[in-house]
């Protein structure tokens, strides 16, 4: 097993790789890319192999439990397509991410799901569970996990343990087989390995120029949410052993960090990089915030360790007293990766992020570009102009 | 303070007793401020769902920012505060109540406001019931005052099956706390109450007097009973009291239950409503159609509730604060196959059956996630299950700049036509006379 150290270890050191090495790396990235761009086909393919797929919302969902039940957890994401069917249930000014997910479900895109787990994070995601449960006939297995706002309160641990155990029982009933502590410990190990490897990938973004682009890094992370974790780990191992001495990586450019309320597609980062920025780090629930914290290695029961991990992870701003740890994470993502500016992309009506915005704006000592987000990226031309102006402004500092 | 709103209308009250409510509100603010100032009693800013009886038992002077925001809006005084909050970076998609009050704080709690404003808080009480964003809003406020906050968690659960909300219970609350298969959630909720008592005892330096609490709770239940009794009378055709009076009458029951003031107010109101019922005195000369208002009203434009009266329509009940939808009318021929995706939807469906309603106005307040996201499903459910028309009216609850008068009127007129026509054929009413109206 890899050990995570302060440095980037042997993977990101300088070395020589010939032309073949370069094409090998690009071939690896295209594997991650395929998972991201063909996510539903990929899931359906696993289903075709007899695997069962469970969709879930939000990075507070204890995925390891789903994994330990022998199922493949995949994150529910939206698309950039126009909304049509979901208009019947959610007005146009409701969170565009939620609308998009519901649209896909109503169209049958998610028909491959065998189960759905929704964790209580915000009002909108909770209602998504209710609408999905009431209006859709699929999938058979539905489960709601309540998660406290008061994550640092002493009473939270017990209630989250209770909810993890309830999810476990519910999955056991669904699959007809027990989830042993051994299986849970194994799943924790698989996920922890994934987290360590992803951190190594991020380590490769610290150099100037970074070894891998923001588009590539986000593609790698996002694909983790969409495929079996063991296989993702193998791909990551391969990538990391070949990244050494990559020569056709990104050029030196203005270094940016991206923070967003919900980002399930690489296009925004791609656009920023096409305009001449290097996205070097992030605060995303589909990015660093998702994998940054490991489940602690200890003798305590796996359910307790999981509860502690999800309560103690880099928080979503929806949680009470999340400001300090979240801002600390954002600052670390700026300082450790030498970001010169931050692009903040908040989906319209994402309240938790919007309430923290005025303070975040004051706290940061690098320039901040706030973009009001929309799932379909309909205002892309305007975003491009603003990114240009932002890059020019930073370049002129 | 003068502000332009355009097309604003004040609600017209039809009853005498409800006209006393505004004096009660003013008195409440004056007394609380005085007790805080002169007697040094601790001041709490609380959300609506905070347990009032415990606070009353510990002499906490409670103010409710949501209520105060609606009060400011009803006096056309929110715009300057909303502008202040927005210029400080609080996005205009955020909860209207929160923008108004954050701006009011940033203005330094100015004294030139209706009812003198809220006294400076010593601490905050917030629950996570119904709305997740309030937690963030209260966190912001507590931070601005550098004051302690107690967060009381309510683990709400969605319905357990694909059938949505069940109607099997006698009395329904709008949300489901905990669940049979999750005993840890009940235990946790219990701890939240104990934590609140500890917090309040710490803040007030007093010990909770259990006898005093029991007394207040009993009185509070008495007020609840009176309010339900009044609601029973409102089911009659013609209704003796509508929502325009109902909204005004909600303050003592919502904010002062367990007090003599509330007791007396509702006893008097019951007498008046009963008298009107016995003497067949309705809100309009000839009641032609009956509506519910569902969701938060537009507090700066409460006159909309009276708009239907010229056409023989009455908004009989509000389903958000009016405690409607708590009983199930099983004798009505109108029974849905399913009650809707959650309890909030079900409570409106129940109210429609129970109060003999012909249509529902669904206020769609885009900055209120907790409520607005139910509204389309409510419209779907009412149409599918009961063939009852519903009108979605969009505007913020306290921000008059969001209100579009011309469009609202046009849509109201079309809706009135539709509902009035449908109400001519009430095949679901047993009473032949009412059917024909």
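Taking 7 Å steps out from each Cα toward its Cβ at residue B:80 and residue A:23 produces label points 7.3 nm apart. Averaged over peptide B:338-348, the number of partner chain Cβ atoms lying within 10 Å of each residue's Cβ comes to 2.
Inside 10 Å of the C-beta atoms of B:131-143, what's the mean count of C-beta atoms belonging to other chains?
Details: counts 3, 11, 7, 1, 8, 14, 2, 1, 8, 5, 0, 0, 2.
Averaged over the peptide's residues, the number is 5.
Which distance in Å, rounded to a whole number, links the C-alpha centroids of the range B:255-298 and the range A:66-129? Spelled out, the Cα-based centre of one part sits 43 Å from the other.
Computed over chain B with a Gaussian network model linking Cα atoms closer than 10 Å, the most mobile of B:96, B:205, B:222 is B:205.
Volume per residue for the range A:147-268 equals 158 cubic angstrom (convex hull of Cα atoms).
Out of all Cα-Cα pairs in the range A:243-394, roughly what percent, to the nearest whole number, are more than 18 Å apart?
Numbers: 6950 of 11476 pairs.
For the range A:243-394, the fraction of Cα-Cα distances above 18 Å is 61 percent.
In terms of the mean number of neighbouring beta-carbon atoms within 10 Å, the peptides B:280-286, A:287-293, B:425-431 order highest first as A:287-293, B:280-286, B:425-431. Calculated FRET efficiency, residue A:93 to residue B:225, Cβ-Cβ distance, R0 = 56 Å: about 0.90 to the nearest 0.05.
Can you check what the Kirkwood hydrodynamic radius comes to for the protein assembly as shown, Cα pairs only, in Å to one decimal? Please report the intermediate quantities before stating the final value.
Values: mean 1/r = 0.0349 Å⁻¹.
Evaluated on the protein assembly as shown, it is 28.7 Å.
Between residue B:187 and residue B:87, the distance separating the two model label sites (each 7 Å from Cα on the Cα→Cβ line) works out to 5.3 nm. The calculated FRET efficiency for residue B:160 paired with residue A:251, based on their beta-carbon distance and R0 = 45 Å, is about 0.20. Potential lengthening of the chain between residue A:165 and residue A:51 amounts to 38.7 nm, from the contour at 0.36 nm per residue minus the alpha-carbon distance.
Which stretch or stretches of the range B:60-87 have amide N atoms under 20 Å from the point lying 7 Å from residue B:143's Cα along the Cα→Cβ direction? Backbone N within reach: B:65-66, B:82-87.
For helix B:21-38, what angle does its Cα long axis make with the longest principal axis of chain B, in degrees from 0 to 90 and rounded to 10? The angle comes out at about 10 degrees. The separation of the range A:297-323 from the range B:305-374, counted between C-alpha centres, amounts to 41 Å.
Between residue B:428 and residue A:208, what's the calculated FRET efficiency when r is the beta-carbon distance and R0 is 60 Å? Round to 0.05. Can you show the working numbers first?
On the way: r = 74 Å, r/R0 = 1.23.
The computed FRET efficiency comes out at 0.20.
Each 10 Å bin from zero holds the following percent of Cα-Cα pairs in the range B:334-375: 26, 52, 20, 1. Note on A:327, A:390: ascending count of other Cβ atoms within 10 Å places them as A:327, A:390, the fewest first. Over the Cα atoms of the range A:135-197, the radius of gyration divided by the Kirkwood radius equals 1.04; this is the Rg/Rh ratio. Taking the centroid of alpha carbons for each part, the range A:37-60 and the range B:63-105 are 44 Å apart. Computed with the Debye formula from one identical point scatterer per Cα of the range A:19-395, without solvent, the log10 of I(q)/I(0) at q = 0.06, 0.14 Å⁻¹ comes to -0.21, -1.30.
Relative to the longest principal axis of the Cα atoms of chain B, helix B:260-278 runs at roughly 10 degrees. Counted over chain B with a bin width of 20 Å, the fraction of Cα pairs per bin, in whole percents, is 25, 60, 16, 0.
Multiplying the sequence separation of residue B:285 and residue B:112 by 0.36 nm and subtracting their Cα-Cα distance, what value in nm do you get? List each step's numbers first, then the result.
Numbers: separation 173, 0.36 × 173 = 62.28 nm, distance 4.15 nm.
Full-extension gain reported as 58.1 nm.
The stretch between residue B:278 and residue B:35, if pulled fully straight at 0.36 nm per residue, gains 83.2 nm over its current Cα-Cα span.
Kirkwood hydrodynamic radius, the range A:311-397, all distinct C-alpha pairs: what's the number in Å?
Its Kirkwood hydrodynamic radius stands at 14.2 Å.
Helix-derived [θ] at 222 nm for chain B: sum -39500 (n - 2.57) over DSSP H runs of at least 4, divide by residue count, nearest 500? Display every interim value, and only then the final one.
Values: 14 runs with 195 residues, N = 437.
Calculated mean residue ellipticity at 222 nm is -14500 deg cm²/dmol.
Using only the alpha-carbon atoms, how far is helix B:343-354 inclined from the longest principal axis of chain B? Give it as 0 to 90 degrees, nearest 10. Helix B:343-354 sits roughly 40 degrees off the main axis of chain B.
Note on residue A:157 and residue A:173: the model spin-label points, each 7 Å out from Cα along the C-beta direction, lie 2.9 nm apart. Peptide A:331-338 has a mean of 0 when you count, residue by residue, the C-beta atoms of other protein chains within 10 Å of its C-beta. Rounded to two decimals, the Cα-based Rg/Rh of the range A:206-300, with Kirkwood Rh, is 1.00.
Each value in this text was obtained by applying a stated rule to the coordinates, not by laboratory testing. Everything quoted here is computed from the prediction, not taken from an experiment. Using ideal geometry, Cβ is built from the backbone for each residue, glycine included, and neighbour counts are taken over all protein chains shown.
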